[in-house]
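Peer 1: Below you'll find the structure I mean.
Quick note: the coordinates plus some simple rules give every number you see, no bench work behind them. Remember, it's a predicted structure, so these values are computed and weren't measured experimentally. Neighbour counts are summed over all protein chains in view; Cβ atoms, including those assigned to glycine, are modelled from backbone coordinates with ideal geometry.
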Amino acid sequence: MGNGVDIIYEPIRIRAHHILCMQGFQGLGYSEEFTVNMAQIIEEIRKNPFSLIKIIVGVDSICEHCPHNNSPGICNKESELNNISDMDSKVLEKLNIKKGSIVSSSLIPTLAMNLSRQTVKKICGNCSWKNSCLYFQDKMF
Ligand code: SF4
């Protein structure tokens, strides 16, 4: 054992469908606190391509500042938005990634790019943000 200090690094937790939302984000969201937090996370990921991201199903680091995560750990839009967790599971399935996987930040845009137009249409077709999502618009047109 050395005398070094142990550095415990907690990866940023990103729910699978937020991989797509992050590509399409243009500053809109559920509240100011939400959009500021989401913008910071996107910037942190962009600036630190070697940092680690844990891909999960369920509330994540972006949800932490969302007004709909008001019983902490539970998204109260879950049923209203066509089972948001199902969107996470579909993204994982299409990308062939297991939930809980840890990936490098630099892979995040590539993962989103790898989904076909048809897949994105199926996963995001009922999302209320699709008309203001640059990722969705880009895939469709
Ligand atoms: S609506 Fe739900 S899934 Fe979307 S950011 Fe808020 S808590 Fe997370």
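Peer 1: Rounded to the nearest 0.05, what FRET efficiency do Glu43 and Asn126 give with R0 = 25 Å and r taken as the Cβ-Cβ distance? Could you check?
Peer 2: Numbers: r = 29 Å, r/R0 = 1.15.
With a Förster radius of 25 Å, E is 0.30.
Peer 1: Could you check the spin-label model distance between Asn96 and Thr119? Points 7 Å from the Cα along Cα→Cβ, value in nm.
Peer 2: 1.0 nm
Peer 1: How far is it, in nm, from the label point at Ser104 to the one at Val5 when both lie 7 Å from their Cα along the line to the Cβ?
Peer 2: 2.7 nm
Peer 1: Hey, in the GNM for the chain with a 10 angstrom Cα cutoff, which one of Glu80, Glu32, Glu64 fluctuates hardest?
Peer 2: Result for the chain, Cα springs under 10 Å: Glu80 fluctuates most.
Peer 1: Let me ask something else. Mind checking the dipole of the chain: about its Cα centre, +1 per Lys or Arg Cβ, -1 per Asp or Glu Cβ, Debye to the nearest 20?
Peer 2: Once rounded to the nearest 20, the dipole reads 680 debye.
Peer 1: Enumerate the residues in segment 70-108 having an amide nitrogen under 20 Å from the point lying 7 Å beyond the Cα of Ser51 toward its Cβ.
Peer 2: 100-108
Peer 1: With unit charges on the beta carbons (Lys and Arg positive, Asp and Glu negative) and the dipole taken about the Cα centre of the chain, which residue among Ile97, Val5, Gln118 sits farthest to the positive side?
Peer 2: Toward the positive end, the furthest listed residue is Gln118.
Peer 1: Suppose we keep just the DSSP beta bridges with both residues in the chain; what percent of those would be antiparallel, to 5?
Peer 2: Taking every DSSP beta bridge within the chain, about 50 percent pair in antiparallel fashion.
Peer 1: Name the aspartates and glutamates eligible as straight-distance cross-link partners of Lys130: C-alpha to C-alpha under 18 Å, and not fewer than 8 places from it in the same chain.
Peer 2: Result set, ordered by chain and number: Glu78, Glu80, Asp86, Asp88, Asp138.
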